[in-house]
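Encoded as structure tokens, the structure appears first; notes follow it.
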Amino acid sequence: MKEEGLTADQRRRIEGALQKVPFARLIGIELEDVQVGIATLALEVREELKQNHGVVHGGVVASLIDSAAAFAVISVLSPDERATTADLTISYLRPLTKGRARSTARVVRAGRRLIVVSAELSDDAGNLSATALTTYIKI
């Protein structure tokens, strides 16, 4: 995992964050890269993550996107700040059926209370499967 441009405090916070989310571990989310304002997370497609038509469940796609966005947000927060998802809009473009799904999220704007993040999710061949726009609110 790369951690470009992050402070030591941010690195520690990020390294511990994924371990504190049992659901992320359950579905197999892995942190691949994080930089200031950008994060990439991935998971291996497994049968347990599919719905009855043989494609990855939309909730899994949403979870991977939301998790990537959360790590992008963590990278721009000060040590005493916390944030949570206030809105998440996803466009599902192509079904995922096998391989590795990867989501990259980028902070578009970090304001005093709201942080807007865009995200894309692709399969391991680089085909775009979903896009999203999400807003986090500092709490």
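Every helix of 4 or more DSSP H residues in the chain counts as -39500 (n - 2.57), and over all residues that averages to -7000 deg cm²/dmol at 222 nm.
Need one word for region 1-133: rounded, prolate or oblate. Basis is the Cα gyration tensor (sqrt eigenvalues a ≥ b ≥ c); a/c below 1.5 gives rounded, then a/b vs b/c decides.
Values: a/c = 1.96, a/b = 1.63, b/c = 1.20.
Judged from the Cα gyration tensor, region 1-133 comes out prolate (a/c at least 1.5, a/b above b/c).
The longest part of the chain holding none of the exposed loop trypsin sites (Lys or Arg not before Pro), meaning those outside H, G, I, E and B in DSSP with at most 12 other Cβ atoms within 10 Å, is 1-45.
If the chain linking residue 133 and residue 20 were pulled fully straight, counting 0.36 nm for each residue of separation and taking away their Cα-Cα distance, it would gain 38.3 nm. Site pair residue 8 and residue 48 shows an inter-label distance of 3.8 nm when each label is modelled 7 Å from Cα along Cα→Cβ. Ordering 133, 64, 93 by the number of other Cβ atoms within 10 Å of each residue's own Cβ, fewest first, gives 93, 133, 64.
The numbers here are math on the coordinates, done by the rules we state, and not lab data. Keep in mind the model is a prediction, meaning the values are calculated, not measured. Here Cβ is always computed from backbone atoms with ideal geometry, including for glycine, and neighbour counts include all displayed protein chains.
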